[in-house]
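Single-structure report; data block below.
The values are calculated or read from the model by the stated rules, or taken from the named source; none is laboratory data. Predicted, not measured: the structure shown is a model, and the values here were computed from it. Positions of Cβ are generated from backbone atoms using ideal geometry, with glycine treated the same way; all protein chains shown enter the neighbour counts.
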Amino acid sequence: MQQMTEAGLLGSQNGFRYVLSRPAFRLVWFAQVASQTADKFVMFSLIILAYKVTGASTNVAITLLAYTLPALFIPPFAGVFADRHNRKNIMVWANVGRGAAVALIPIVALWPPIRGDVLHLLLITFLFSSLGQLFSPAEAAAIPSLLPKRALLTANSMVMITMVLTLLVGGALAPLAARIDAYLPYWIASGFFVLSALLILFSDIPRNQPAREQTSRNAARQLITELYEALAFLRASAVLMSSFAQLSLAVLVLFMMFTLAPAYVSTVVGIQAQDSYVILLPATIGAMLSALALGQFGRHAKRSRLLVGSLVATGLTLIALASVPFAMRHVPGLADYTRDFAAVFAFVLGVEFGFLMIPSLTYLQEHTTDEIRGRIFSLFFMAYNGATALPVLLAAALADIFGTGRVIGGLGVALAVTGAAVASGASRVYGPEEN
């Protein structure tokens, strides 16, 4: 009877209902929904406004560069900052700052000489993105203090679902709001950021212990020392190194597919580039379903097997996706179902992405201490943002030279080989399964 009671208690402390029953996490999650919706509103609205103001695609690219550039060099500083200072205050003021920065865009545009100038848009975008880099490491480091370890997999599933949903909502609603008025999306985003700040302000986030007092007068040397400590901590753990690498690979695959999707659907599937939703929508649905499944039932799965299996499976799926044009040429009548095959492979790829990313993120949270967790996640966000920048810079060029299918297939081979290599040493890396 006692065993049944204990089992029931453990079962009740898993799943979405349990994590949402924790008031502190619930408020932080609602805050994440608000802030990420606002962020995606801003991102898509900037693309529209930059083109509307200048009429040039080059300025759109420069604006997006101003949006992504801070993400390449600020996260290490933000991680150290998150470990030294109160993470709750960091998240509150980062959102207040972002809300104020976004509101500057329509306010400054009231002055006619500036309204048609893109320079102010670049400066505000850079400021907005820089403030956002302070928020992410603080949030990722704070979540493990709100829930027991057994609930982290579910929490990370919810985080991923939120990322996907806000991307879809922002991409769909920002253009609609911009049709009413070019500056309306920024007022909406500013309001969401303020709402997010208030939700965090009223949440009961435990105060973290600062990693150390600032004793050195040389701030730069102190920063380098603390980042070196994080790197040393990461290198000392095979589990952390493996999870960090696989998490970065998952992000790389995701953004490679987002970058190559228009070219793939036009050159391989044979439809218009703007119809890239044919593979992106099924992939998104697949990622959401895997997040839901892991969040509700993931406690029964062996995470190390999920990670290794998903890595190999993702590689094989990419190879299959790249093989569609070859199959079309050699199987009579298959061309009529090209779109269907591409959608199915994309859906499977989305499921595999979720099974790869969520356990990796959970391992990082479980195997880091509170005093260094912010720096570990700052290193991940730097790798994450580097992985998002890499496809934009290289994927299109490689696809033009070698062909879209070959690039996707090459990535698949690399992932499958990497997965096989990780599988051969999985017992040494992960040891006894931890759930």
Item to check | Residue, nearest to residue 201 (Cα to Cα), within the stretch 68-88, restricted to residues that are at pLDDT 80 or above and part of a helix (DSSP H, G or I) | outcome: 88
Next on the checklist: Can you confirm whether residue 157 is in a helix (DSSP H, G or I) and closer than 22 Å to residue 18 by Cβ?
Outcome noted: yes
Checklist entry - Does the stretch 103-112 include one or more residues that are in the same structural domain as residue 75 (by TED's automatic domain parsing), aromatic (Phe, Trp, Tyr) and at pLDDT 90 or above? => result no
Checklist entry - Could you give every pair whose Cβ atoms fall below 9 Å, whose first residue belongs to the stretch 304-332 and is not assigned by TED's automatic domain parsing to the domain that holds residue 240 and at pLDDT below 80, and whose second residue is outside any helix (DSSP H, G or I) and among the hydrophobic types (A, V, I, L, M, F, W, C), counting only separations of at least 6 or pairs across chains? => result none
Next on the checklist: Being farther than 30 Å from residue 243 by Cβ, β-branched (Val, Ile, Thr) and buried (at least 19 other Cβ atoms within 10 Å of the Cβ): is that true of residue 338 here?
Outcome noted: yes
Checklist outcome for this item: Picking from 91, 158, the residue that is at pLDDT below 85 and under 22 Å from the mean Cα position of the chain (by Cα) would be 158
Checklist entry - Among the residues of the stretch 175-187, which ones are among the aliphatic types (A, V, I, L, M) and surrounded by fewer than 19 Cβ atoms within 10 Å (Cβ to Cβ)? => result 176, 180, 182, 184
Checklist entry - What do you reckon, is residue 250 under 18 Å from residue 307 (Cβ atoms), modelled with pLDDT of 70 or more, out of contact with any Leu (no Cβ under 7 Å at 6 or more places or on another chain) and not assigned by TED's automatic domain parsing to the domain that holds residue 74? => result no
